[in-house]
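Have a look at the structure below before the remarks.
The values are calculated or read from the model by the stated rules, or taken from the named source; none is laboratory data. From a predicted model like this one, the values you see are computed outputs, not experimental measurements. All Cβ positions, glycine included, derive from the backbone under ideal geometry; neighbour counts span all protein chains shown. Just so you know, the surface numbers come from the protein's heavy atoms only, side chains and all, with ligands and any DNA or RNA stripped out. Shrake-Rupley method; radii C 1.70, N 1.55, O 1.52, S 1.80 Å.
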Amino acid sequence: MIERKCPACGAMVPFRTSINLMAICPFCRSLVQRKDLDLEKLGVSAQLQPDGTPLQVGTSGTYRGAAFEVVGRMQLKTPHGFWNEWSMMFADGRQGWLGEAQGAYAVSFQTECIVPAFRDLRVLAKVEIKGKIYQILEIIEAKYLAAEGELPFRPPLGESATSADLIGEGGAFGTIDYSDDPPSVFIGEYQDFESLQFTNLKVIEGWA
């Protein structure tokens with residue numbers, strides 16, 4: 001773990017990996033960027049809203065036999081409620097995302113491919129990505145509310161993003177983020193809570 005002094009409050013900001021360069025100070029909520037031995041303040045994150053998640057920065061787990069640690073989170077607000085995107089760092093060096101919404105979990109990894117233009121999207125239409133057929137389940141707009149921990153890029157806090165959620169056979173999952181140009185594509189699969197073998201979960205009152 002690397003620690004650097006927050007330029008806003010002077011507290012130590014931990015970086016669990018040497019890859020990520022962005023982090024949110026756990027004390028004053030400043031969004032900071034690591035530059036060699038110093039940190040640069042880029043803004044302030046709003047407070048996270050209570051959403052009942054049992055996950056937290058520092059939660060560990062296993063996906064398809066590969067160990068990972070949750071190192072950061074972006075919290076978004078959708079018409080259906082809160083949606084978390086947890087940044088995952090794998091022991092083998094991969095960076096992935098764990099989406100969490102309404103008790104559902106999906107592991108995904110960014111991939112490069114050509115996808116339909118936003119104007120051509122239709123709910124229930126089929127999209128082919130890397131030779132696999134997906135169906136557009138929903139087109140949704142979400143607002144980036146807050147963030148914590150460390151992230152691979154600067155979170156667009158306060159901004160909204162439009163994305164298409166995809167579903168495929170066998171629990172396959174995908175999402176296309178049209179706030180980027182070209183769109184960012186993430187492909188993976190839904191996972192049961194138990195199958196991810198979480199440890200170091202948040203203590204929630206009422207849980208056994």
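Data for the structure
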read-out: Cα lying deepest toward the dipole's positive end in region 29-130, options Gly52, Ala91, Thr62, charges on Cβ; value: Gly52
read-out: Accessible area of Leu145 in the full protein assembly, 1.4 Å probe (Å², nearest 10); value: 50 Å²
read-out: Å³ per residue enclosed by the Cα convex hull of region 55-182; value: 123 Å³
read-out: Whole-Å distance, taken between Cα centres, linking region 123-194 and region 98-114; value: 6 Å
read-out: 30 Å Cα-Cα threshold exceeded, pairs from Lys77/Lys202; Lys5/Lys202; Lys41/Lys77; Lys41/Lys202; Lys132/Lys202; Lys143/Lys202; value: Lys132/Lys202
read-out: Under Karplus coefficients 6.51, -1.76 and 1.60, residue-wise ³J(HN,Hα) of region 20-33 in Hz, glycine/proline x; value: 6, 10, 10, 7, 10, 4, x, 9, 10, 6, 5, 8, 10, 10
read-out: Extension reserve of the Gln135-Ser18 stretch, reckoned as 0.36 nm per residue once the Cα distance is removed; value: 38.4 nm
read-out: Zone of Thr78's modelled label, taken as backbone nitrogen in region 101-130 under 12 Å from a point 7 Å along Cα→Cβ; value: 101-106
read-out: Solvent-accessible area, 1.4 Å probe, carbon plus sulfur percent, for the chain; value: 51 percent
read-out: Theoretical FRET efficiency, 1/(1+(r/R0)^6), r = Cβ-Cβ of Ala11 and Ser179, R0 25 Å, to 0.05; value: 0.20
read-out: For Asp51, distant residues with modelled amide H under 5 Å away; value: none
read-out: Qualifying trypsin sites (Lys or Arg not before Pro) for region 1-110 [loop in DSSP, other Cβ within 10 Å: at most 15]; value: Arg64, Arg94
read-out: Radius ratio Rg over Rh of region 1-103, counting only Cα atoms, Kirkwood formula for Rh; value: 0.98
read-out: Mean accessible surface per residue for the chain, computed with a 1.4 Å probe while every protein chain stays in place, in Å²; value: 52 Å²
read-out: Spin-label pair Phe27/Glu159, simplified geometry with 7 Å Cα→Cβ offset, distance in nm; value: 3.0 nm
read-out: Lys, Arg +1 and Asp, Glu -1 on Cβ, resulting dipole of region 1-154 about Cα centre, debye, nearest 20; value: 160 debye
read-out: Residue-span extension gain [Asp92 to Gln49] - 0.36 nm each, minus C-alpha spacing; value: 12.3 nm
read-out: Approximate spin-label separation Arg119-Thr199, in nm, with each point projected 7 Å along Cα-to-Cβ; value: 5.3 nm
read-out: Those Cys residues of the chain for which no other cysteine Cβ falls under 4.7 Å; value: Cys113
read-out: Cleavage-rule hits, chymotrypsin sites (Phe, Trp or Tyr not before Pro), region 110-192, DSSP coil, Cβ neighbours within 10 Å at most 16; value: Phe153
read-out: DSSP loop GluC sites (Glu not before Pro) with at most 10 other Cβ within 10 Å: longest gap in the chain; value: 1-111
read-out: Cut-off under 5 Å, modelled amide H: who pairs with Tyr63 long-range; value: Phe68
